[in-house]
Amino acid sequence: MQRDELADFLRRRREGIRPAEAGIADGPRRRTAGLRREEVAMLAGMSVDYVVRLEQGRSSQPSTQLLGALARALRLSDDERDHLFHMAGHRPPPADGVARLARAGLMRMLDLLGDTPALVLSNLGEVLAQNRAAVLLTGDHTGFSGDRRYVVYRWFTDPAARAVCPVEEQEYYARQLVADLRAVAGRRSGDPTVAGLVDRLQAASADFRRLWAEHEVAVRRADRKTVLHPRVGRLLLDCETLVTPDQRQQLLVLTAADAETRERLELLRVLGVEEFPTGPTDVRGPGG
C-alpha cells in the first residue's frame, strides 16, 4: 500500500471535482472549489474520520468495497479507478467481472438527471449506482452480494421480488427477464459468469427452466411497467435505456407515464427516505 501517494491522489481528486458534478449544491458561502471531506464521506458511505486518515496517510488498508465507493464518490475514470486500487495494494476490478464499477460518464449523467430516477446497471442486471431519486423509488440495490446481485435471480428465487409487480403482469415480466438474459448469454458466449448464473437459476427455479427452454430472445431498450410502491401506491413508469458502445453497462431512466404517477413521484420526493420499508423494489433485470 502506497499511503503517501494514495493520500495525495485522494486530496487532489477531491479538490478537483466541482460539487455540481457530484450532485451537491454549490452555495454562496463555499470556501473551496472542490468537495469537502464530509461530502466525500457522505457520498461514499463512510466516516469523515476515515476520509481524513486516508488523506493524511494514516489509514489501514481500505477494502475493495470501500475503494469502489470512493471511486464512485469522486467520479473517477476507469484509469483513475485502477490507479486507486493499485496504490491501495489491490488488483483493480476485472474489465468483465462482477466487481465492475459504474463508468465515470454514466455517474455524471446520474447527477445531471436530478429528480428523475436513474440507475447504472451491468448487462447482467447488477445495479452499480443509483441517484437519490432512484433510491426513493426502488430502495438501495447496491448492497446485494452473491447471486442476489442479479435482478433476474431475485425474481425467480425470492417471492418478495415479484410482489411489487401486479399479478397479471408477472408472466410477461418473467419472460422479458429470461429473453433479455438469453440475449446477453449470446453476446457473452463462453463467459463463465453468465453460464454459471444460468446454471444456478435452472437448478433453483422450475419456472426459469420452463421459460429458458423456450429460447425466446429480446433486448429491451424501452419498456413500460407498473410498480406497486409500498408508500405511494401504483406507479406507471416508462423505462428508457441508454447502452454504452461495448454493451457492458447501461443507464436506465424512469419517468412517469401519466399525470397520477407524476404526482405520486412528487409526493415520494417530499416524503424522502425516512421509514423506507425493508427490501428494495425491483424494476429492471439484465439489459441490452
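The values are calculated or read from the model by the stated rules, or taken from the named source; none is laboratory data. Computed from a predicted model, the values in this text were never measured in an experiment. Glycine gets a Cβ as well: all are built from the backbone with ideal geometry, and neighbour counts include every protein chain shown.
Would you please name the residue that is nearest to Gln65 (Cα to Cα), looking only at residues in segment 163-183 that are of a type outside the set (A, V, I, L, M, F, W, C) and without any contact (Cβ under 8 Å) to a residue 24 or more places away in the chain? Step through it out loud before you land on a result.
We begin by selecting, within segment 163-183, every residue of a type outside the set (A, V, I, L, M, F, W, C); these are 166, 168-173, 175-176, 180, 182.
Subsequent filtering for residues that are without any contact (Cβ under 8 Å) to a residue 24 or more places away in the chain retains 168, 170-172.
Values: Glu168: 39, Gln170: 34, Glu171: 35, Tyr172: 35 Å.
Selected residue: Gln170.
From the list Ala133, Ala129, Ala118, exactly one residue is at pLDDT 90 or above, within 17 Å of Ala22 (Cβ to Cβ) and in the same structural domain as Gly186 (by TED's automatic domain parsing). Which is it?
Numbers: Ala133 fails: at pLDDT 90 or above; Ala129 fails: at pLDDT 90 or above.
When all the criteria are applied, what remains is Ala118.
Given the conditions (1) at pLDDT below 85; (2) more than 30 Å from Gln176 (Cα to Cα), which single one is not true for Gly89?
Every condition holds for Gly89 apart from (1).
Determine which single condition Thr64 fails, assuming it passes every other condition in (1) touching a residue at least 24 places away in the same chain (Cβ under 8 Å); (2) crowded, with 17+ Cβ neighbours inside 10 Å; (3) under 21 Å from Leu106 (Cα atoms).
Result: Thr64 passes all but (2).
Look at Gly186 and say whether it is loosely packed, with under 14 Cβ neighbours inside 10 Å, in contact with a helix residue (DSSP H, G or I) (Cβ under 9 Å, 6 or more places away or on another chain) and either touching a residue at least 24 places away in the same chain (Cβ under 8 Å) or under 24 Å from Thr116 (Cα atoms) (or both). Quick ask: steps written out before the conclusion?
Values: loosely packed, with under 14 Cβ neighbours inside 10 Å: yes; in contact with a helix residue (DSSP H, G or I) (Cβ under 9 Å, 6 or more places away or on another chain): no; either touching a residue at least 24 places away in the same chain (Cβ under 8 Å) or under 24 Å from Thr116 (Cα atoms) (or both): yes.
No; evaluated as a whole, the condition is false for this residue.
Could you list, in sequence order, the residues of segment 100-135 that are surrounded by fewer than 23 Cβ atoms within 10 Å (Cβ to Cβ) and over 18 Å from Arg75 (Cα atoms)?
Asp115, Thr116, Glu126, Ala133, Val135
Select from segment 196-237 the residues that are of a type in the set (Gly, Ala, Ser), over 21 Å from Thr157 (Cα atoms) and out of contact with any strand residue (DSSP E or B) (no Cβ under 7 Å at 6 or more places or on another chain) and list them in ascending order. Lay out the reasoning, then the answer.
First, the residues of segment 196-237 that are of a type in the set (Gly, Ala, Ser): 196, 203-206, 213, 218, 222, 233.
Those still in the list that are over 21 Å from Thr157 (Cα atoms) too: 218, 222, 233.
Passing the criteria: Ala218, Gly233.
Determine, yes or no, whether Met46 is within 23 Å of Thr142 (Cα to Cα), without any contact (Cβ under 8 Å) to a residue 40 or more places away in the chain and part of a loop (DSSP other than H, G, I, E, B). If you could, list the steps in order and put the result at the bottom.
On the way: within 23 Å of Thr142 (Cα to Cα): yes; without any contact (Cβ under 8 Å) to a residue 40 or more places away in the chain: yes; part of a loop (DSSP other than H, G, I, E, B): yes.
Against the criterion (within 23 Å of Thr142 (Cα to Cα), without any contact (Cβ under 8 Å) to a residue 40 or more places away in the chain and part of a loop (DSSP other than H, G, I, E, B)), Met46 qualifies.
Being assigned to a loop (DSSP other than H, G, I, E, B), assigned by TED's automatic domain parsing to the domain that holds Glu240 and either at pLDDT below 90 or loosely packed, with under 15 Cβ neighbours inside 10 Å (or both) narrows it down to one of Gly57, Gly143, Gly34, so name that one. If you could, list the steps in order and put the result at the bottom.
Details: Gly57 fails: assigned by TED's automatic domain parsing to the domain that holds Glu240; Gly34 fails: assigned by TED's automatic domain parsing to the domain that holds Glu240.
Answer to the check: Gly143.
Considering each residue of segment 208-235, count those that are within 18 Å of Glu169 (Cα to Cα) and crowded, with 16+ Cβ neighbours inside 10 Å, and give that number.
Total satisfying the criteria: 9.
Name the pairs whose Cβ atoms lie under 6 Å apart, with the first residue in segment 76-93 and outside the structural domain of Ala129 (by TED's automatic domain parsing) and surrounded by fewer than 15 Cβ atoms within 10 Å (Cβ to Cβ), the second among the aliphatic types (A, V, I, L, M) and part of a helix (DSSP H, G or I), and 6 or more positions between them or separate chains?
Between residues of segment 76-93 that are outside the structural domain of Ala129 (by TED's automatic domain parsing) and surrounded by fewer than 15 Cβ atoms within 10 Å (Cβ to Cβ) and residues that are among the aliphatic types (A, V, I, L, M) and part of a helix (DSSP H, G or I), the close pairs are Ser77/Ala104.
Let me confirm something: among Thr142, Thr193, which residue is touching a strand residue (DSSP E or B) at 6+ places or on another chain (Cβ under 6 Å) and of a type in the set (S, T, N, Q)?
On the way: Thr193 fails: touching a strand residue (DSSP E or B) at 6+ places or on another chain (Cβ under 6 Å).
The match here is Thr142.
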